[in-house]
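What follows is calculated from the coordinates using simple rules that are stated; it is not laboratory data. Bear in mind the structure is a predicted one, so any value in this text is a computation, not a measurement. Positions of Cβ are backbone-derived with ideal geometry, glycine not excepted, and every protein chain shown enters the neighbour counts.
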Amino acid sequence: MPGKLIRKRREQLSLSQQEMAERLNMSQSTYSRIEQKDEDITIRQLKTIAEVLEIQLADLLPDELIIYNHDQKPVTQH
């Protein structure tokens with residue numbers, strides 16, 4: 001996940017983890033786990049994070065994206 005990119009952009013905007021968490025309507029500890037890659041997040045949550053950080057969702061997505069279908073079988077997107 002894009003934890004490093006999220007953290008870098010948050011710091012560029014001079015936002016604390018607590019401020020980000022409040023804007024995202026989550027606890028600071030949950031937000032911290034997102035930056036540390038310990039928390040799975042949905043595309044919807046990632047989109048909201050991108051909006052708060054004033055960047056495009058695509059900026060937070062890896063070049064190769066693995067999406068799981070409902071059967072938990074990975075489908076690779078390029």
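Worth pointing out:
- Distance between modelled label sites at D38 and E22, nm, 7 Å Cα→Cβ extension: 2.4 nm
- Estimated FRET transfer efficiency (Q56, S29; beta-carbon r; R0 25 Å; 0.05): 0.35
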